[in-house]
Amino acid sequence: MKLISFIDAGRPLYGVVQGQRTLRPPAEFLSRLPDLRAVLAADAVSELAQVIAEAGVAVDPAAVKALPVLPNPGKLICVGLNYKTHVAETRRADSEYPSLFLRFNDTLAAADDVVLRPAFSERFDWEGELAFVIGKGGRHIPQAQAFEHIAGYACFNDISVRDWQRHTHQFTPGKNFPGTAPFGPYLVTRDEIPDVTQLTLETRVNGQVMQHAGIADLIFDIPVLVEYISRFTPLSPGDVIATGTPGGVGDRRVPPLYMKEGDLVEVEITGLGVLRNRIGTEA
């Protein structure tokens, strides 16, 4: 299934995309499980599919506003320096362990949102990524069982304010400006992606390809990330892990190239749709 979150008549809802149609669950189901995180926590994805098939309510896509596909993750964990091409362009040494940082939930943005560059920085950079969402919680999850804990996959853009990212050795400020992490357009359930390593990621700015890589090129693959992260923190349904960006970021080009007002940035991953956002400037 392709799961989405959206606002309809001022109310946050969720549903399923089927071709050109969007269907939401009936009121009784929504009253019991009000958002996708609740669906995941209740292990009710299969129940949602059945309810949609039997009593789904059609939604006019033109009348709703998209939300980040999962607006309220319990944890939003990002992986840095996880493609050889990106490690090489940053001139960093290889690492024995994954490089991790956290984002706040208010940094999330939806497909088609205008993403605002802070007016006091010109160094606004794209980072197309694959994200996955935890569907089954756990601690000390072995690699062999990692995929059993994944609900699905989505496109993610870890947009970075590079000068603020590099004020110190800690990434946090440059990675946490409000609304700078587009996430969507939908969450594709794991059963539709039999081999995530066969997917290809591409980032485009104004139609020009900036990043192109296979998910198979991850240095620390998804099972390694699940095992490593779950060793130090319990993973819960609705937690999000963004797996890192490949080479081709604007900050490492010669000369550097950054996003500006009016630019269109797109992150496309095979089978997961296209995550599109225009760039604006914060007042």
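No lab work stands behind these numbers, since they all come straight from the coordinates. Every value quoted in this text rests on a predicted model; they were computed, and no experiment measured them. FYI the Cβ positions are ideal-geometry reconstructions off the backbone, even for glycines, and counts take in every protein chain you see.
Amide H to amide H, with H built 1.01 Å from N, Leu81 comes under 5 Å of Thr245, counting only residues 5 or more places away or on other chains.
3J(HN,Hα) along the range 198-212: 8, 7, 10, 9, 9, 10, 10, 10, 6, x, 8, 6, 10, 9, 8 Hz, from the Karplus curve 6.51 cos²θ - 1.76 cosθ + 1.60 with θ = phi - 60°, whole Hz, x for Gly and Pro.
Quote to one decimal, in nm, the extra length available between Asn72 and Gln208 on full extension: 0.36 nm per residue of separation minus the C-alpha distance between them.
Numbers: separation 136, 0.36 × 136 = 48.96 nm, distance 3.21 nm.
Contour length minus Cα-Cα distance gives 45.8 nm.
Take the Cβ atoms of Asp60 and Glu28, set R0 to 25 Å, and the FRET efficiency comes out at 0.70. Phi angles of the range 25-42 translate, via the Karplus equation with coefficients 6.51, -1.76, 1.60 and θ = phi - 60°, into HN-Hα couplings of x, x, 4, 4, 5, 5, 5, 7, 10, x, 8, 5, 4, 5, 4, 5, 4, 8 Hz per residue; Gly and Pro are given as x. Each principal axis of the Cα cloud of the chain was taken in turn, and the coordinate range along them, longest first, works out to 55, 44, 30 Å.
Couplings for the range 110-119, taken from phi via the Karplus curve 6.51 cos²θ - 1.76 cosθ + 1.60 with θ = phi - 60°, read 9, 4, 6, 5, 7, 8, 9, 7, x, 5 Hz in order; Gly and Pro are left as x. For the range 151-283, the alpha-carbon radius of gyration amounts to 1.11 times the rule-of-thumb value 2.2 N^0.38 Å expected for a compact globular protein. Spin-label model, Arg21/Asp112: points 7 Å from Cα along the beta carbon direction are separated by 2.0 nm.
Counting only alpha carbon atoms, the long axis of helix 222-232 and the longest principal axis of the chain meet at about 90°.
When only DSSP loop residues count, what trypsin sites (Lys or Arg not before Pro) in the range 123-214 have their Cβ near at most 13 other Cβ atoms within 10 Å?
Working: sites: Arg123, Lys136, Arg139, Arg162, Arg166, Lys175, Arg190, Arg204; in loops: Arg123, Lys136, Arg139, Arg166.
Here the trypsin sites (Lys or Arg not before Pro) that fit, given the DSSP loop and packing criteria, are Arg139.
Label-to-label distance for Arg92 and Arg11 is 4.5 nm, based on points extended 7 Å past Cα in the beta-carbon direction. Computed from the C-beta positions of Lys260 and Phe104 and an R0 of 25 Å, the FRET efficiency is 0.50 to the nearest 0.05.
Working value for the range 15-107: equivalent-ellipsoid semi-axes of 37, 16, 13 Å, each the square root of 5 times a Cα gyration tensor eigenvalue, largest first. A simple spin-label model places pseudo-atoms 7 Å from Cα toward Cβ; at Thr233 and Ala49 they are separated by 3.0 nm.
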